[in-house]
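The structure appears right after this line, and notes come after that.
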Amino acid sequence: MPTDQPRRTRVADLLATQDLGREVLVKGWVRSRRGNKYVQFIALNDGSCLATLQVVAAAEHFPEESLKEITTGACVAVRGLLVASQGKGQAVEVQATHIEVLGTADPEAFPLQKKGSDQKGISLDELRKIAHLRPRTNTFGAVLRVRHALAFAIHRYFNEKGFYNVHTPIITGSDAEGAGQMFRVTTLPPEHPPRTADGSVDFGQDFFGKPTNLTVSGQLEGELAALALGQIYTFGPTFRAENSNTPRHLAEFWMIEPEMAFYDLQDNMDLAEDFLQSLVKYALTHCAADLQFLSETYDKDLLGRLKSVTDNAFQRLTYTEAVEILKSAKQKFEFPVDWGTDLQSEHERYLVEKHFQKPVILTNYPKEIKAFYMKLDEDGRTVRAMDVLFPGIGEIIGGSQREEDLAKLTARMAAMHVPQDELWWYLDTRRFGTAPHAGFGLGFERLVLFVTGMTNIRDVIPFPRFPGSAEF
Ligand code: 4AD
Ligand code: MG
């Protein structure tokens with residue numbers, strides 16, 4: 001290619017421009033090539049948007065033989081004139097003058113052949129086995145752009161509200177948070193670890209001089225920061241070594257955890273509702289083309305469901321009220337419901353999808369089924385917990401007002417066998433200038449699942465981690 005070439009322009013920018021009749025340079029991956037012996041049409045995608053750019057290669061410059069490496073999946077650089085398109089389906093096209101193949105993709109070997117590599121020819125299950133290539137499909141391009149937009153909207157939301165982003169540790173020395181089974185972090189040799197006199201593994205000789213794990217939540221550290229900076233949020237990777245073989249669980253996921261001094265449960269619910277509504281609105285405005293595509297391809301009800309979240313106040317009720325509704329429901333449940341049992345996702349979805357037909361916030365759960373740090377209600381039986389339940393998802397947020405009273409907190413810890421010596425630093429917040437405070441955790445992938453309308457959480461994170469799978 002000659003050296004006096006124009007700067008590269010992204011496809012998204014070319015499709016939006018009014019400035020035609022100029023020479024442009026585009027680079028991207030071939031979704032398809034078709035045509036006849038006079039002219040060939042190349043659909044080029046560079047990931048900047050869902051749409052492809054039509055490249056027209058006239059036979060006078062490009063005999064068909066010269067285009068033989070331009071197959072689905074190949075990477076090319078195209079230089080040419082940007083003009084109004086004569087054909088249907090696109091406003092502009094590029095009349096190619098130079099085409100350089102940057103990377104070939106052998107049609108015999110490249111797996112994403114069908115239909116410009118959307119999922120029509122290849123199922124989502126099959127794509128999971130080639131997760132390293134699936135970002136090249138329309139579906140995963142759309143999902144990843146929506147995922148990015150939501151991450152950006154989260155930071156923007158909190159920044160505008162005066163929250164500070166705090167980075168909490170990924171390696172943690174406490175295994176007492178009680179949020180799930182943990183992954184051990186160690187540099188000790190598994191085949192012959194050093195042992196103490198009684199034969200158990202001597203973690204005193206491990207890297208940190210004690211047993212360490214990957215974090216299951218940034219909340220406890222987040223509370224330390226909230227009781228200094230006022231309102232903070234974390235947005236980090238979270239690891240749970242259990243119960244992850246479902247369409248809604250990952251072993252590695254991302255969680256957003258705001259924590260606010262001087263908030264009570266009511267304030268916490270108001271924030272959670274406003275936060276979720278604002279994120280869904282952001283996606284509806286900024287990801288319109290991708291959401292339209294996902295809706296048409298997978299789920300005709302998607303946009304309606306998203307609007308049902310932005311347009312309706314969430315239904316708020318106590319766990320006790322919910323149990324009454326579930327017990328008198330006509331529907332048969334696989335798991336029986338009674339006061340004191342944890343709700344299953346079938347129960348949560350009944351409340352949201354059948355009974356109220358809008359998002360639900362359940363509060364004041366029995367203390368036995370919730371974490372030690374939740375503030376005890378006056379009745380001594382329930383705690384100021386809140387779970388936000390969404391259509392198609394079930395629990396999307398879990399949170400609570402926290403127990404700020406040292407005596408009550410340590411009593412709960414004792415009752416629940418949570419070691420207080422390990423969490424001495426956490427208890428110091430209640431010793432020195434304790435304050436009422438509250439917070440919650442939003443599972444990022446559950447949010448992306450809801451907004452994209454995908455049905456398996458493994459399809460909304462680029463490289464899913466679940467039992468038996470860490471290939472890519
Ligand atoms: O309800 P959870 O366990 O709450 C906490 O971890 C609290 N420390 C949060 C807080 O108050 N700061 O998890 C919060 C959310 C869930 O509602 C769910 O959306 C998501 O995290 N989540 C998972 N997402 C994907 N895979 C998993 N294995 C998940 N476990 C929880
Ligand atoms: Mg929970």
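The values are calculated or read from the model by the stated rules, or taken from the named source; none is laboratory data. For clarity, every value in this text was computed on a predicted model and none was experimentally measured. As a convention, Cβ positions derive from the backbone with ideal geometry for all residues, glycine included, and neighbour counts pool all protein chains shown. The accessibility values were calculated without ligands, DNA or RNA, using every heavy atom of the protein model including side chains. Shrake-Rupley method; radii C 1.70, N 1.55, O 1.52, S 1.80 Å.
Quick notes on this structure:
- Sequence-ordered 3J(HN,Hα) estimates for the stretch 161-170 from the Karplus curve with 6.51, -1.76 and 1.60 and θ = phi - 60° stand at 9, x, 8, 9, 7, 10, 8, 8, x, 8 Hz, glycine and proline given as x.
- For the stretch 360-369, Karplus couplings with θ = phi - 60° (6.51, -1.76, 1.60), whole Hz, Gly/Pro x: 10, 10, 9, 10, 6, 7, x, 4, 5, 9
- Residues whose amide H lies under 5 Å from that of GLN344, counting only those 5 or more places away or on a different chain, are absent; hydrogens are built 1.01 Å from N in the peptide plane.
- Dipole of the chain, positive direction: furthest Cα of THR382, GLY173, ALA16, with charges on the beta-carbon: ALA16
- The H on the amide N of LEU25, modeled in the peptide plane, is under 5 Å from the matching H of THR9, each at least 5 residues off or on a different chain.
- Degrees separating the helix 138-160 axis from the principal Cα axis of the chain, which is the longest one: 50 degrees
- With Cα atoms, 0 to 90° folded angle of helix 302-311 axis to the chain main axis: 50 degrees
- Given charges at beta-carbon only (K, R positive; D, E negative), |dipole| of the chain in Debye: 1440 debye
- Sites matching GluC sites (Glu not before Pro) across the stretch 303-373 that sit in DSSP coil, with at most 14 neighbouring C-beta atoms within 10 Å: GLU334
- Restraint check, LYS330/LYS354; LYS129/LYS281; LYS367/LYS408; LYS161/LYS375; LYS332/LYS354, Cα-Cα greater than 21 Å: LYS129/LYS281; LYS161/LYS375
- Ligands, DNA and RNA left out, the 1.4 Å accessible surface of the stretch 1-135 is 50% carbon and sulfur atoms.
- Relative packing of 284-294, 451-461, 411-421, which averages over residues the other C-beta atoms within 10 Å, highest first: 451-461, 284-294, 411-421
- Under 5 Å from the amide H of SER32 lie the amide H atoms of ALA43, each residue being 5 or more positions distant or on a separate chain, with H modelled from the backbone and absent for Pro and chain starts.
- Proximal charge balance of ALA153 [Cβ under 12 Å; K/R count +1, D/E count -1]: +2
- Portion, in percent, of the accessible area of the stretch 324-472 that falls on carbon or sulfur, probe 1.4 Å: 51 percent
- Per residue, the stretch 11-110 exposes an accessible area of 49 Å² to a 1.4 Å probe, with every protein chain left in place.
- Computed from phi, the 3J(HN,Hα) profile of the stretch 210-218 under the Karplus parametrisation 6.51, -1.76, 1.60 (θ = phi - 60°) reads 6, x, 9, 9, 7, 5, 9, 4, x Hz, with x in place of Gly and Pro.
- Net length gained if the chain between ASP301 and SER66 were fully extended (0.36 nm per residue, minus Cα distance): 80.1 nm
- Alpha-carbon centroid distance for the pair the stretch 186-222 / the stretch 277-355, whole angstrom: 41 Å
- Model label zone, THR187; criterion: amide N under 16 Å from point 7 Å along Cα-to-beta-carbon; scope the stretch 204-224: 204-213
- Positive minus negative residues near ARG381 (Lys, Arg vs Asp, Glu; Cβ under 10 Å): -3
- For the chain, the relative contact order is 13 percent, taking Cα pairs closer than 8 Å that sit 6 or more residues apart in sequence and dividing their mean separation by the residue count.
- Solvent-accessible surface (1.4 angstrom probe) belonging to LYS281, in square angstrom, nearest 10: 110 Å²
- Efficiency of FRET between PHE432 and THR320 - r from beta-carbon atoms, R0 41 angstrom, step 0.05: 0.70
- Here LYS129 and ASN159 are evaluated by their C-beta separation; at R0 = 56 Å the FRET efficiency comes out at 0.90.
- Label zone of LYS354 (point 7 Å out along Cα→Cβ, amide N under 18 Å): in the stretch 297-329 this covers 321-329.
- Per residue, the accessible area of the stretch 249-369 comes to 47 Å², computed with a 1.4 Å probe over protein heavy atoms only.
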